[in-house]
Amino acid sequence: MIASVGLIGDPVKHSVSPAFQTAAFRHHGLTDTYMLWPTSTQELTTRVAGLRADGMRGANVTLPYKTAVVPLLDELDGIATAVSAVNTIVRRADGSLYGLNTDVLGFIQALRAAGGEPREADCVLLGAGGSARAVAYGLVMAGARSITVVNRTPERAEAMLADVLAATEFDPQLQVLASDAPEVAQAVAGAQLLINATSVGLDGRSSPLEAERIAPHLLVVDLIYRNTPFLQAARQRGARTQNGLEMLVQQGALAFEAWTGLTAPIAVMRAAAQQALEEQT
């Protein structure tokens, strides 16, 4: 069976995207299917090329390919161009592939739903991959006062911020720290928002930051949509928390609208995502 839409990444077996995207399709009376497409690095080019076939609507893209798919596409929207990362691919009628980044708006919408306001906020962002690029761009565009990026490879974080700033007219205070730098503790203590945009925690055991560095006044966000050790530690420290489920739904709703031209039934999608997640646990 050929699916009209799928999720490209590695790993993807944990994803609840098929549940809520299928719910959206059925809500509108569409028979489209949404599949999981685990894809190795060697298979990526062939997988993306397959989206050009008749009957395909496109795909979502997740770790670790949000940046790697960019040169495989024909055109990008403004946000995807700015962050050099794509999480949604739309197949056009002529078979060309259009790359979007719905993570940026999805993240900001989810953050505000949790009572977090990025405007004039001091933010610490863990990671410098495709998801981190979207978060950094969203924070800049929303008027964050400062952003400290913590990453194992500072050079990668510096390159990410340079790309983001080159695409905006905003000029927040910026800082890049290595993951083991002693200054990380001070940066976290002075922040209002702490965001994990790495994959650390997907295994259910690891955390990107030591629990003692998390302050009670923080809003702690993990883009992983499960109850990670990072979020558990944050709650134990008295911090407010949000996992990545609301961002997943919000960005997925934007992707659905790009594929179909229809209004996304966000409440239906959210309920389906929550149910699927509960069934996995």
Boolean, ILE266 is closer than 27 Å to ASN101 by Cα, under 15 Å from the mean Cα position of the chain (by Cα) and among the hydrophobic types (A, V, I, L, M, F, W, C): no
Filter pass, ALA93 being assigned by TED's automatic domain parsing to the domain that holds TRP259 and either in contact with a helix residue (DSSP H, G or I) (Cβ under 6 Å, 6 or more places away or on another chain) or part of a loop (DSSP other than H, G, I, E, B) (or both): yes
Close pairs (9 angstrom Cβ cut-off, 6 or more residues apart or separate chains): under 11 Å from LEU245 (Cβ atoms) in the stretch 261-281, of a type in the set (Lys, Arg) anywhere: LEU277/ARG226
Residue among LEU139, LEU177, LEU165 that is within 21 Å of ILE79 (Cα to Cα), of a type in the set (A, V, I, L, M, F, W, C) and either out of contact with any Asp or Glu (no Cβ under 8 Å at 6 or more places or on another chain) or outside any helix (DSSP H, G or I) (or both): LEU139
Matching entry among ALA159, ALA134 (being closer than 25 Å to ALA178 by Cα and in contact with an Asp or Glu (Cβ under 6 Å, 6 or more places away or on another chain)): ALA134
The stretch 228-274 - residue that is in the same structural domain as ASN60 (by TED's automatic domain parsing), in a helix (DSSP H, G or I) and small (Gly, Ala, Ser) and, of those, surrounded by the fewest Cβ atoms within 10 Å (Cβ to Cβ): ALA267
All positions within the stretch 48-60 that are under 10 Å from GLY6 (Cβ atoms) and free of Cβ contacts under 8 Å to residues at least 60 places away in the same chain: GLY50, LEU51, MET56, ALA59
Members of the stretch 119-141 that are farther than 18 Å from THR81 by Cα and surrounded by fewer than 24 Cβ atoms within 10 Å (Cβ to Cβ): ARG119, GLU120, ALA121, ASP122
Every residue from the stretch 148-203 that is under 13 Å from GLY129 (Cα atoms) and either aromatic (Phe, Trp, Tyr) or loosely packed, with under 13 Cβ neighbours inside 10 Å (or both): THR153, GLU155
LEU30 vs. criteria on the phi < 0 side of the Ramachandran plot and in contact with a Leu (Cβ under 6 Å, 6 or more places away or on another chain): no
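The values are calculated or read from the model by the stated rules, or taken from the named source; none is laboratory data. The shown structure was predicted, so the numbers you read here are calculated from the model rather than taken from an experiment. Methodologically, a virtual Cβ is constructed for each residue, glycine included, from the backbone with ideal geometry; neighbour enumeration extends over all protein chains shown.
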